[in-house]
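J.: What follows is a structure written as structure tokens; I'll ask about it next.
The values are calculated or read from the model by the stated rules, or taken from the named source; none is laboratory data. Computed from a predicted model, the values in this text were never measured in an experiment. Neighbour counts run over all protein chains shown; Cβ positions are idealised from the backbone, glycine included.
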Amino acid sequence: MTDFQYSPAECVPFRDQKAIAAARAIKRQDICKHPNPEFHITVLPEHEIAFRWIMDLFYRIKTASDKNEQLVLITPQPIPDYSKLAYLINKFRVDCSKLHTFNMDEYANEQGQIAPETWEFGFMYSMLKNFYSQIDEDLRPPRKQIVGLNDQNINDYGKMIADLGGADCCYSGPGWTGHLAFIEPDAPEFQAPLEEWKKMGPRIATLSPFTLAQNSLHGSFGKSGDLAAVPPKAATIGPAEVIGAKNRIDVHALGIHGTSTSWQRLISRLVLHGPVTPLVPESILQTLPTEVWVSENIAADIEPDWEKGY
């Protein structure tokens with residue numbers, strides 16, 4: 001459009017209009033092309049992504065168990081599908097005694113107090129409900145090896161992962177702002193030049209208004225746009241823990257409860273093909289060996305839908 005010019009609103013974290021236009025123009029047939037051969041992008045049907053994610057987790061857990069080796073995973077939440085992973089573990093009698101999981105983030109209040117694992121909307125609550133408690137007792141790892149961020153360990157969380165040799169795999173997916181975990185582009189706690197930013201570890205971060213809007217659509221908060229239901233801050237791993245992982249799997253498959261509408265279609269293109277910058281935190285994955293799975297819905301061309309209107 002040349003007859004009406006405007007800049008992104010001041011509250012938009014990433015404002016490079018040339019880069020945004022280039023990302024917006026990426027077609028479905030080109031989304032998998034990337035100059036880094038170790039940054040591997042695959043487009044898949046949405047149901048295939050959910051299957052592959054569970055099977056990748058199961059494969060890593062079973063392989064490590066069969067070899068009697070330690071396995072360290074950085075895990076996103078809240079995902080009810082962890083119950084399917086627990087089912088496979090029970091079905092195939094997989095010993096998880098050497099499994100260590102670290103949740104990548106957890107909500108916090110305005111004072112920086114981290115939500116306890118007993119809070120039903122929290123990520124640790126979800127991990128215990130959907131995964132740990134679903135594993136047969138004789139197969140479970142020791143409870144202390146299922147770890148989430150809390151008021152007691154936040155200052156040592158990065159060291160806890162590093163002392164185990166770093167994560168064997170970090171699973172992620174971009175938020176509306178391009179956040180990685182809750183590493184927000186507009187959080188004052190993560191303001192630094194790229195090279196310094198890459199070294200930052202776990203901390204309490206202020207959530208972007210866009211993240212509040214995104215998460216207000218989650219089922220746990222009533223999927224009703226209830227902005228007041230989402231806590232204002234969060235504890236999160238930092239870029240250092242993601243970079244330090246031996247493997248990374250990044251998933252782009254979020255829509256609005258089965259519709260073709262998605263806030264993720266544009267930010268995924270910026271994450272995968274835009275500038276590498278703290279203003280799009282997940283873009284750092286472009287520089288790292290990463291397996292990326294994109295749903296057909298997210299890969300679809302970005303174009304107006306005049307029939308939908310509002």
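J.: State yes or no: is ILE302 among the aliphatic types (A, V, I, L, M), surrounded by fewer than 16 Cβ atoms within 10 Å (Cβ to Cβ) and more than 20 Å from ALA50 (Cα to Cα)?
T.: Taking the combined requirement at face value, the residue satisfies it.
J.: Sticking with this structure for a sec: Of everything in the stretch 189-209, what is farther than 17 Å from ALA235 by Cα, in contact (Cβ under 8 Å) with a residue 60 or more places away in the chain and assigned to a helix (DSSP H, G or I)? Give them in sequence order.
T.: LEU194
J.: Residues being surrounded by fewer than 15 Cβ atoms within 10 Å (Cβ to Cβ) and of a type outside the set (Ser, Thr, Tyr): count how many of those fall in the stretch 76-93.
T.: 6
J.: Has the stretch 63-75 got any residue that is surrounded by 14 or more Cβ atoms within 10 Å (Cβ to Cβ), among the aliphatic types (A, V, I, L, M) and out of contact with any strand residue (DSSP E or B) (no Cβ under 7 Å at 6 or more places or on another chain)?
T.: The answer is no, given that none of the residues of the stretch 63-75 is surrounded by 14 or more Cβ atoms within 10 Å (Cβ to Cβ), among the aliphatic types (A, V, I, L, M) and out of contact with any strand residue (DSSP E or B) (no Cβ under 7 Å at 6 or more places or on another chain).
J.: Here's something else I'd like to know. Which one of these is touching a Cys at 6+ places or on another chain (Cβ under 9 Å), under 21 Å from SER283 (Cβ atoms) and not β-branched (Val, Ile, Thr): HIS40, HIS34?
T.: Numbers: HIS34 fails: touching a Cys at 6+ places or on another chain (Cβ under 9 Å).
Step by step, each of HIS40, HIS34 is checked, and only HIS40 is touching a Cys at 6+ places or on another chain (Cβ under 9 Å), under 21 Å from SER283 (Cβ atoms) and not β-branched (Val, Ile, Thr).
J.: For the stretch 206-218, indicate whether the set of residues that are touching a His at 6+ places or on another chain (Cβ under 7 Å) and modelled with pLDDT under 95 is non-empty.
T.: Scanning the stretch 206-218 turns up no residue that is touching a His at 6+ places or on another chain (Cβ under 7 Å) and modelled with pLDDT under 95.
J.: Follow-up. In this structure, is PRO232 in contact with an Asp or Glu (Cβ under 7 Å, 6 or more places away or on another chain) and surrounded by fewer than 21 Cβ atoms within 10 Å (Cβ to Cβ)?
T.: yes
J.: Go through the stretch 178-205 and count every residue that is under 21 Å from THR75 (Cβ atoms) and crowded, with 22+ Cβ neighbours inside 10 Å.
T.: Count: 9.
J.: Do you know which of the residues in the stretch 152-172 that are under 13 Å from ASP105 (Cα atoms) and of a type outside the set (Val, Ile, Thr) is surrounded by the fewest Cβ atoms within 10 Å (Cβ to Cβ)?
T.: Ranking the candidates gives ASN153 first.
J.: Further, regarding this structure: When residues of the stretch 1-54 are filtered for being basic (Lys, Arg) and either touching a strand residue (DSSP E or B) at 6+ places or on another chain (Cβ under 6 Å) or not in a loop (DSSP other than H, G, I, E, B) (or both), how many remain? First the steps, then the outcome.
T.: First pass over the stretch 1-54, keeping only residues basic (Lys, Arg): 15, 18, 24, 27-28, 33, 52.
Now drop any that are not either touching a strand residue (DSSP E or B) at 6+ places or on another chain (Cβ under 6 Å) or not in a loop (DSSP other than H, G, I, E, B) (or both), which leaves 18, 24, 28, 52.
The number of residues fulfilling the criteria is 4.
J.: Taking the stretch 75-106 as the region of interest, how many residues are in a strand (DSSP E or B) and either at positive phi or of a type in the set (Ser, Thr, Tyr) (or both)?
T.: 2
J.: Examine the stretch 153-163 for a residue that is touching a residue at least 12 places away in the same chain (Cβ under 8 Å) and farther than 21 Å from ILE243 by Cα, and state whether such a residue exists.
T.: no
Table: residues versus (1) among the hydroxyl-bearing types (Ser, Thr, Tyr); (2) without any contact (Cβ under 8 Å) to a residue 24 or more places away in the chain; (3) closer than 30 Å to GLY112 by Cβ; (4) touching a Leu at 6+ places or on another chain (Cβ under 9 Å).
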residue	(1), (2), (3), (4)
ILE243	no, no, yes, yes
GLY255	no, no, no, no
GLY274	no, no, no, no
LEU279	no, no, yes, no
LEU285	no, no, yes, yes
PRO289	no, no, no, no
ILE298	no, no, no, yes
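J.: For the stretch 233-288, name all the residues that are within 26 Å of SER220 (Cα to Cα) and of a type in the set (Lys, Arg).
T.: Within the stretch 233-288, LYS233, ARG265 qualify.
J.: Also: Mind checking whether some residue in the stretch 57-67 is touching a Pro at 6+ places or on another chain (Cβ under 6 Å) and more than 25 Å from ASP105 (Cβ to Cβ)?
T.: No, the conditions are met nowhere in the stretch 57-67.
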